[in-house]
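Some notes on the structure that comes next.
The values are calculated or read from the model by the stated rules, or taken from the named source; none is laboratory data. Please read all numbers here as calculations on a predicted model, not as lab measurements. Cβ placement follows ideal geometry from the backbone for every residue including glycine, while neighbour counts extend to all protein chains displayed.
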């Protein structure tokens, strides 16, 4: 392996995986950004994003370092060391999280199929479901390749999008930042950071390349900015369409229709689908790895695929019944504060007290 490839796996891959887990349906479509940052106005929204980025970076660095010291490569092992017998509380919260986000992803895939291709929403939902199953079936190496290749597509697409927005509505963006007032940004930033920071635990399987605690800390600090950069570009473009865009189910589609460029419109929607794919892959893969390590077995591709199918089918049914906006508005806030209490607070207390973590046997 070349030196560049080794450094990429140690310092950047965990951040790309973290971005992959959180970008999902609401982030990539802009729905989460509209929900948590637009109400604070242009400058308030940026402040909220900065706060969320700092929270992500600090918690990811602490998570990766703690996990490295105890040899944890799955969330069950991690929380046995952090919470002791109370680790089951996280298992319950993660179950809720997985159901919620997979339902959001399914709803977003259905909305994209309907808005872009005029197909029934179920077609997009089913395409996403079988794509996730194919990606998780072959384990860590396959999942890591998904994170790398989709990340390249994603960052390139957002960069083009931002350039088109500046060229098309740059004057309106400037007006928005000059005239629109700022609102309460801290609560939105903390809430958004709170339920997404769980991604740092979900991606522990890809931290297998760390060689030292320093690697873990650097990778965590890099993860926050890597994950927020696309959202920042998207948010700035969204401000040109305030206040109407705040109520849009698919803010990305709302902007792209008004910017024109139909070919890029299709490219952007394809990128969103790819983002849904990598996010769903990360969430489901974490469960497969938790089962494999807890039972000390190697899961075959068939078993991984069947486990993913059993998880995805009920979640996608929820997506069909509830819808994207309702899922994001009603479920994420409560989950955010639960995860802050179960995960973030205990972890930061351990770090503040400088308690030396001890390896915990995998049971």
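Tabulated data for the structure shown
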| item | result |
| --- | --- |
| Residue list for region 239-272, restricted to those being closer than 30 Å to residue 307 by Cβ and crowded, with 21+ Cβ neighbours inside 10 Å | 269, 271, 272 |
| Unique match (being modelled with pLDDT of 85 or more, farther than 24 Å from residue 141 by Cα and outside any loop (DSSP other than H, G, I, E, B)) among 61, 57 | 57 |
| Counted residues, region 150-159 - those being surrounded by fewer than 15 Cβ atoms within 10 Å (Cβ to Cβ) and either in contact with a helix residue (DSSP H, G or I) (Cβ under 9 Å, 6 or more places away or on another chain) or touching a residue at least 24 places away in the same chain (Cβ under 8 Å) (or both) | 2 |
| Residue in region 89-105 that is without any contact (Cβ under 8 Å) to a residue 12 or more places away in the chain and surrounded by fewer than 24 Cβ atoms within 10 Å (Cβ to Cβ) present | yes |
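Residue by residue, here is whether (1) under 17 Å from the mean Cα position of the chain (by Cα); (2) touching a residue at least 40 places away in the same chain (Cβ under 8 Å); (3) closer than 30 Å to residue 66 by Cα holds:
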site: 123; (1), (2), (3): no, no, no
site: 148; (1), (2), (3): yes, yes, yes
site: 191; (1), (2), (3): yes, yes, yes
site: 211; (1), (2), (3): no, yes, yes
site: 214; (1), (2), (3): no, no, yes
